[in-house]
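The values are calculated or read from the model by the stated rules, or taken from the named source; none is laboratory data. As the structure is a computational prediction, the values presented were derived from the model and not from experiment. Here Cβ is always computed from backbone atoms with ideal geometry, including for glycine, and neighbour counts include all displayed protein chains. Accessible surface areas use protein heavy atoms only, side chains included; no ligands, DNA or RNA. Shrake-Rupley method; radii C 1.70, N 1.55, O 1.52, S 1.80 Å.
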Amino acid sequence: MYNLAKKEYAVYGVDTEAAIAKLKDIPVSIHCWQGDDVIGLDGSDALSGGIQTTGNYPGRARNFEELKADIKKAFSLMPGTKRLNLHASYAVGATVDRDKYEPKHFKAWVDFAKEIGLQGIDFNPTMFGHKNMKDGLSLSSPDENIRKFWVNHCIACLHIAEYFATEMNSRCLVNIWIPDGYKDVPADRLTPRLRLKASLDEILACGYDKSKVIVAVESKVFGIGVESYTVGSNEFYQNYAAKNDICCLLDNGHYHPLEYVSDKIPALLAFYDRVALHVTRGVRWDSDHVVLFEDELKEIAKEIVRNDATDKVLIGLDYFDANINRLSAWVTGQMAMQKALLYALLCNHAELKELQDKADFTTLMVRQEEYKTLPFGAVWKEYLKRENLTEDYLTEIRKYEKEVLSRR
Ligand code: RNT
Ligand code: ZN
């Protein structure tokens, strides 16, 4: 099957071997928070801040040991180069508050990441599931003690990120997302944004090592209970990032449903060296459904591949479903991302771009349709085989469910 597919793609000028070799090396940062419904390990028992998990499928990881075991199992079923994306709320054994977190609270994660052979660790300050999310505000709070607490938390996170980068010998992306906003029509849309701006300035002035840490800001249009106003909006963060030489993170659940992140990637690549992504699947709203091999995901992957931006676009996953087996959710989403990248790699983009420039839109349309029925599946299977995996990850997960998850 693979040999036939190889020949068929060759007719289009596509080298399947080169595609497979390239795919193996594109890192995907996998979120730890799919394993425990975003609860964390530092004392929170419920999610807050406009994000929501639904469902109570049995077997959720309830502690560090269980989460590690689940990550180890799930990651072993995923192909490609993997990074671990941690939230600060996953500190291990911390007896201090989040503003005082130190590298030592994350050493166990570093040991684990090395043990299972990950490329690196990425990091996120956690401004939700905490008592200091006061009146729904963190870095934009008018309460100076609250605002400072979260500034200090972010600074602590930058230093922990330096530690991750040093230990893993791989740059660490620190993504700042805050839930701040208002449910109903605000009286002042500017001042909270000025406070957020001041907070970010203070955080970036802490003197972190830019050769080791990449800072990104993640905008959002709205959240549950924060429907009318989001302090960290798209325009706010894009301008802040451009002026302060940091990175934008685009979460494809964070825009109006008729806006496409696939189109925003090349817009930002015209100005930025790097663009970070949270790949998710928003069903009608920012619902964070498991990522599937769908059209918009394919378009996102195409923009990364055809613009030669696999080193510039930092791919991270961000979804959580508590309604199905959590390991299966993890693997299905990661594999969907990999499939989309392979699909994008199996295309003669130079030819298509030339057709566009020659204004031969007729051939362009026909050619793009032809690609859709080429034997993609045979190449995907071959890739999995070479990664010592198969498409059947579910049998293994069901076994783990029976032997481990069902006993929790
Ligand atoms: C929320 C953002 C944010 C979170 C994670 C847990 O809407 O997408 O990235 O999902 O940080
Ligand atoms: Zn996100």
Exercise for review: Determine, yes or no, whether ALA336 is touching a Leu at 6+ places or on another chain (Cβ under 7 Å), surrounded by fewer than 23 Cβ atoms within 10 Å (Cβ to Cβ) and of a type in the set (A, V, I, L, M).
Suggested key: yes
Would the range 180-197 turn up any residue that is within 16 Å of ligand 2 (Cβ to nearest atom) and not basic (Lys, Arg)? yes
When restricted to LEU355, LEU314, the only residue without any contact (Cβ under 8 Å) to a residue 24 or more places away in the chain and in contact with a Leu (Cβ under 7 Å, 6 or more places away or on another chain) is LEU355
If we ask which residues in the range 170-186 are away from ligand 1 (no atom under 12 Å from the Cβ), part of a loop (DSSP other than H, G, I, E, B) and either touching an Asp or Glu at 6+ places or on another chain (Cβ under 6 Å) or more than 23 Å from HIS159 (Cβ to Cβ) (or both), their number turns out to be 4
PRO192 meets each of (1) farther than 23 Å from ASP143 by Cα; (2) open to solvent by less than 10 Å² (accessible area, probe 1.4 Å); (3) out of contact with any strand residue (DSSP E or B) (no Cβ under 6 Å at 6 or more places or on another chain) with one exception, condition (1)
GLY232 passes all but one of the listed conditions (1) within 16 Å of ligand 2 (Cβ to nearest atom); (2) under 23 Å from ALA165 (Cβ atoms); (3) open to solvent by less than 10 Å² (accessible area, probe 1.4 Å); the exception is number (2)
Yes or no: LYS107 in a helix (DSSP H, G or I), open to solvent by 10 Å² or more (accessible area, probe 1.4 Å) and over 19 Å from ILE176 (Cα atoms)?
-> yes
Note on GLU202: of the conditions (1) away from ligand 2 (no atom under 16 Å from the Cβ); (2) open to solvent by less than 20 Å² (accessible area, probe 1.4 Å), unmet is (2)
Restricting the range 110-125 to residues that are open to solvent by less than 30 Å² (accessible area, probe 1.4 Å) and either in a loop (DSSP other than H, G, I, E, B) or free of Cβ contacts under 8 Å to residues at least 40 places away in the same chain (or both), the one farthest from ILE203 (Cα to Cα) turns out to be LEU118
If we take the range 1-96, then helices (runs of 4 or more DSSP H) inside it with 3 or more residues that are closer than 30 Å to LYS220 by Cβ are 64-76
Do the conditions hold for THR54, that is, is it under 24 Å from the mean Cα position of the chain (by Cα) and either in contact (Cβ under 8 Å) with a residue 60 or more places away in the chain or away from ligand 1 (no atom under 14 Å from the Cβ) (or both)?
yes
Note to self: I'd like to check something: does the range 359-377 contain any residue that is under 18 Å from TYR393 (Cα atoms), within 28 Å of the chain's Cα centre (by Cα) and not in a loop (DSSP other than H, G, I, E, B)?
What the structure shows: yes
Result of the Cβ filter at 7 Å on the range 321-344, keeping first residues that are closer than 19 Å to LYS68 by Cα and partners that are in a loop (DSSP other than H, G, I, E, B) and of a type in the set (Asp, Glu), at least 6 apart or interchain, is ALA322/ASP37; ALA329/ASP321
Of the residues in the range 340-351, those that are buried (at least 22 other Cβ atoms within 10 Å of the Cβ) and part of a helix (DSSP H, G or I) come to ALA340, LEU341, LEU342, TYR343, ALA344, LEU345
Subset of the range 301-317, residues more than 23 Å from ILE176 (Cα to Cα) and among the charged types (D, E, K, R), comes to LYS302, GLU303, ARG306, ASP308
Residues of the range 213-243 being of a type in the set (Asp, Glu) and within 15 Å of ligand 1 (Cβ to nearest atom), in sequence order, are GLU218, GLU227
Of the listed residues (GLY136, GLY40), the one being under 19 Å from the mean Cα position of the chain (by Cα) and crowded, with 19+ Cβ neighbours inside 10 Å is GLY40
In the range 126-150, anything of a type in the set (D, E, K, R), over 16 Å from ASP188 (Cα atoms) and in a loop (DSSP other than H, G, I, E, B) is listed as LYS131
